[in-house]
Amino acid sequence: MSSPTTILSLHLSLLLLFLSLRSSLLSSTPSAYEVLESFDFPRGLLPKGVTSCQLNRAMGEFKVHLSETYKFYIQSYELEYKSTITEVITRDRLTKLKQVSVKLLFLWLSIVKVVKDGDGLQLSVGVTSANFPLDWFNESPSCCCGFDDFGQGVGEEEVEKIESVDVGLLKFPPPR
């Protein structure tokens, strides 16, 4: 029969092993930004303020939780991210995107798909899409202040890279 000291020692060893495994599993969970990068997207597609995320790799279902609803600008485009964003993620493609909107003129339109194509991103609102330079998304924006504090950093040559924004029968030139 085992002595009480041996049993206690075994229990303590198992407890330490469990705590060690739990700690390593928790620390190895990738951040939402790391998930984006693992699917070849820039981390700047998400604003600062992500509190957690869940990824079902088998189904591609990706859910991101933000600390609050975020509004910010990418150049002159106002974007809004609700506090919970869901999408299906595959390499170079986000589909079934929910809770992300862009303001065009006076209308808020839901962005439903993002496709990475070479050195650009195509953001789709369903009936139409617009192309943006990939380097606009290198950094995660902060709430209300955008990537470059309203115009510092990205120059006019970058704005010229936007081909156009096409909404139904109307076609809008890039913002100036």
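Points to keep in mind about this one:
- Conditions (1) assigned to a strand (DSSP E or B); (2) closer than 18 Å to Gly49 by Cα; number of the one not met by Leu94: (2)
- Residue within segment 133-150 that is modelled with pLDDT of 85 or more, surrounded by 14 or more Cβ atoms within 10 Å (Cβ to Cβ), in contact with a Phe, Trp or Tyr (Cβ under 9 Å, 6 or more places away or on another chain) and part of a strand (DSSP E or B) present: no
- Of all residues in segment 64-85, those that are within 13 Å of Lys98 (Cβ to Cβ) have Cβ atoms under 8 Å from Cβ atoms of residues that are acidic (Asp, Glu) and outside any strand (DSSP E or B), 6 or more apart or on another chain, in Ser83/Glu68.
- Any hit, segment 107-124, residues being in the same structural domain as Leu46 (by TED's automatic domain parsing), out of contact with any Pro (no Cβ under 6 Å at 6 or more places or on another chain), surrounded by 17 or more Cβ atoms within 10 Å (Cβ to Cβ) and not in a strand (DSSP E or B): yes
The values are calculated or read from the model by the stated rules, or taken from the named source; none is laboratory data. Source: prediction; values computed, not measured. So basically every Cβ, Gly included, is an ideal-geometry build from the backbone, and we count neighbours across all protein chains shown.
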